[in-house]
Structures are given as C-alpha cells and as structure tokens.
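Data first, discussion second: the structure below is written as structure tokens.
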Amino acid sequence: MDKKLHPLGKITKRHGYNGIVVLVSDQPLNDDVEHLEEVFVFIDGLQVPFPVEEFALLTDTLAHVKLEFVDNKEEAVRLVGCEMYAAITPHKQKPEAEWEQWIGFAVHDTQYGKIGVIKEIKDYKGNIVWQVMDGDRETLISLYPELVTNIDHEAKILHITAPDGYF
C-alpha cells in the first residue's frame, strides 16, 4: 500500500444496533475527518480498508463512525479494540506549529513597508506573537490570520496589513 496512514483512534464500543462504532482519539481530530471516504482498521495486524458511510464528530476526540459492510451489532463488536487509520493527517495542529513555518520570512506591511524578519514565536500568557527583528529593533506582532494579506513562498515574504497605529 503506497498511502501513508495516520492514526485516528481506537474503536472502543458499538453504538446502537446498525453497525455504528464509537471512535476515541487521544488527540483532537480536525473537521476533515467527517469527509473521509475510506478508513483502515487494523484487524489481526492487517490493514483492512472500509468505505465510510458516515463519520460524525461528537467532540474533538470522540466520533460515531458507520462503515460499509458493518451492518449490525455483532459485526461492530468484532471491531472493538481495533485501531482506525486514515490516509490524511487527522489531528489538529497546535497553533504554534502552524505559525512556526514562517520563521525566517520577511514581514512587509502595506502601509509601513519592511518591518523585519520573523526570528521566533513567543507566548505572552496566551498571546502568541512573532518576534520580528530589524537589526537590533524588535517588533512583536500578534498572530491573527486576518493580518496576513499575501504570502510569497519563493521570496519568503509575508505581506500584512496592520491596523492603524499598530507600529
């Protein structure tokens, strides 16, 4: 199999009588899992593919999953204890992980021009900021996606529009 599989969680029990299983994850699942067309259940060490009829997140770590070919409580009970995988990255990234990819990018503001280069991510009591350096001058920019207007990956430039009076 050439797909890279990522763990979704463990099937912990059946739900109802029509083959729905309860999936518990040890990490928050992203919303993309509700659109999965196929999952893999490891049964006796084998990756068994199952088409997904329905994947309903109840919380970010708990879901009801209805698999094709699992149509009653007996078939669902056989899957209890098995691990479920998908060919996508199913877990939410920590916000810091999403923002760290921009370290080393230059920051340009539409009004003020070049601000500097992102050197580090800092956490000030829950307020996550980029530390942007221009020589010895430090500027801290709160990480709000709404600030970013364009990203030039090739030139490694992050274009922002900061509110008036920000700098």
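Details
- Glu75 in contact with a Gly (Cβ under 9 Å, 6 or more places away or on another chain) and surrounded by 13 or more Cβ atoms within 10 Å (Cβ to Cβ): yes
- Filtered by the rule that a residue be at pLDDT below 85, of a type outside the set (Asp, Glu) and either surrounded by 13 or more Cβ atoms within 10 Å (Cβ to Cβ) or not in a strand (DSSP E or B) (or both), region 130-147 gives Leu143, Tyr144, Pro145, Leu147.
- Pick from region 98-127, criterion at pLDDT 90 or above and of a type in the set (Asp, Glu), ranking: surrounded by the most Cβ atoms within 10 Å (Cβ to Cβ): Asp109
- Test: residue in region 7-25 that is without any contact (Cβ under 8 Å) to a residue 60 or more places away in the chain, under 13 Å from Cys82 (Cα atoms) and over 18 Å from the mean Cα position of the chain (by Cα): yes
- Val48 in contact with a Phe, Trp or Tyr (Cβ under 9 Å, 6 or more places away or on another chain), surrounded by fewer than 15 Cβ atoms within 10 Å (Cβ to Cβ), closer than 12 Å to Met84 by Cα and not basic (Lys, Arg): yes
- Number of positions in region 111-129 that are in a strand (DSSP E or B) and under 29 Å from the mean Cα position of the chain (by Cα): 12
- Of all the numbered requirements in (1) modelled with pLDDT of 85 or more; (2) within 30 Å of Asp31 (Cα to Cα); (3) not β-branched (Val, Ile, Thr), Pro95 misses one, and that requirement is (1).
- Test: residue in region 46-54 that is in the same structural domain as Lys10 (by TED's automatic domain parsing) and more than 18 Å from Ala76 (Cα to Cα): no
The values are calculated or read from the model by the stated rules, or taken from the named source; none is laboratory data. Nothing here was measured: the structure is a model prediction, and the numbers come from that model. Positions of Cβ are backbone-derived with ideal geometry, glycine not excepted, and every protein chain shown enters the neighbour counts.
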